[in-house]
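Student: My structure is below; once you've seen it, I'll send some questions.
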Amino acid sequence: MAEGGTSHDVPDSPGPPREARLLDCPICLEQLHEPKSLPCLHSFCQECLSTFITKDLSGKMASATAFPCPVCRKMTQPVNPSEDKEKWAQQFPANVIVKDLVKSPALEPMYCKPCGRKETWDSSNDLV
């Protein structure tokens with residue numbers, strides 16, 4: 001049996017940091033663009049979600065009113081199922097938190113309002 005330890009003992013896998021991967025679309029594996037959130041809280045690029053919906057339902061009955069989430073497979077209904085399936089992805093709310101994180105630089109300088117000093121954060125979220 002392996003010795004107990006913390007996750008800090010295991011080196012990170014090659015590639016972007018784990019936090020950056022949280023901003024990637026599970027469909028195209030690129031950084032989220034126009035992120036849309038499903039009721040199960042999984043987020044996808046609007047275009048990727050639209051393509052997934054139309055391809056997933058293409059071989060099924062035209063009267064389908066729901067589709068499975070590409071990650072958890074939970075059946076998801078659009079706000080207006082009678083609308084054209086190509087527009088279903090647009091009906092879901094934008095994930096504004098992810099949208100803001102994607103467009104903000106990783107180590108954006110922060111300014112201390114009372115004293116006006118420029119402060120930056122290192123990767124461990126410690127002030128330097």
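The values are calculated or read from the model by the stated rules, or taken from the named source; none is laboratory data. Since the model is a prediction, treat every value here as computed from it, not as a measurement.
Student: Any idea which of (1) under 20 Å from LYS99 (Cα atoms); (2) modelled with pLDDT of 70 or more is the one GLU19 doesn't satisfy?
Tutor: GLU19 satisfies every listed condition except (2).
Student: Name every residue in the range 35-47 that is within 10 Å of the chain's Cα centre (by Cα) and either of a type outside the set (Gly, Ala, Ser) or assigned to a loop (DSSP other than H, G, I, E, B) (or both), in order of residue number.
Tutor: Within the range 35-47, PRO35, LYS36, LEU41, HIS42, PHE44, CYS45 qualify.
Student: Ok, one more. Among the residues in the range 51-62, are any part of a loop (DSSP other than H, G, I, E, B) and modelled with pLDDT of 90 or more?
Tutor: There is no residue in the range 51-62 that is part of a loop (DSSP other than H, G, I, E, B) and modelled with pLDDT of 90 or more.
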